[in-house]
Amino acid sequence: MSRSERSPLLLAGLLAAAGTAHFAAPRVFDAIVPRGLPGTPRTWTYASGAAELALAAGIALPRTRPVAANVAAAFFVGVFPANVKMAVDWRHRPAPLKSAAYGRLPLQLPLVLWARGVARGAGRRS
């Protein structure tokens, strides 16, 4: 399996793992839901987990990969405010936790670019 064939499956696996984590440990995700959103944090936690699982499935299937990967790129942009909230909330935590929270911020850009690359690659092969 070539790198270009592996990349979409790795992205799908990452999304599936993240989506599963939203259901397995929802309290962690509840805490980073921005307060201005309507509804309860748990609703947003489960909705974003379900979205990640759906995106994982869409990226895993070659037929839906281009659209799902583009939506994943938008999703990664959309969840950035939660990562900012986490960094702000964790600024007084011990150094390893604070570093993890701050480290998530610059990781969003590579995730967006990865998803866009998967979408472009899938579009060329279909």
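Values in this text are rule-based calculations from the coordinates and carry no lab data. This is a predicted model, so every value here is computed, not measured. Methodologically, a virtual Cβ is constructed for each residue, glycine included, from the backbone with ideal geometry; neighbour enumeration extends over all protein chains shown.
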* Projected area of the chain, taken from the Cα convex hull and averaged over every viewing direction, in nm²? -> 8.0
* Structure fact -> Residue separation between LEU9 and VAL28 times 0.36 nm, minus their alpha-carbon distance, gives in nm 4.3 nm
* If r is the Cβ-Cβ distance from ARG91 to THR20 and R0 is 25 Å, what FRET efficiency results, to the nearest 0.05? -> 0.35
* Förster radius 41 Å - calculated FRET efficiency between THR64 and TYR102 (Cβ-Cβ, nearest 0.05) -> 0.75
* Against the longest principal axis of the chain, how steep is helix 80-89, in degrees 0 to 90 to the nearest 10, with axes from Cα atoms? -> 30
* Roughly how tilted is helix 3-24, in degrees to the nearest 10 and between 0 and 90, from the longest Cα axis of the chain? -> 30
* Longest span of the chain, sites excluded, free of trypsin sites (Lys or Arg not before Pro) in DSSP loop with at most 13 other C-beta atoms within 10 Å? -> 92-126
* Calculate for the chain the 222 nm mean residue ellipticity that helices alone would give, adding -39,500 (n - 2.57) per DSSP H run of length 4 or more and normalising by residue count, nearest 500 deg cm²/dmol. => -27000 deg cm²/dmol
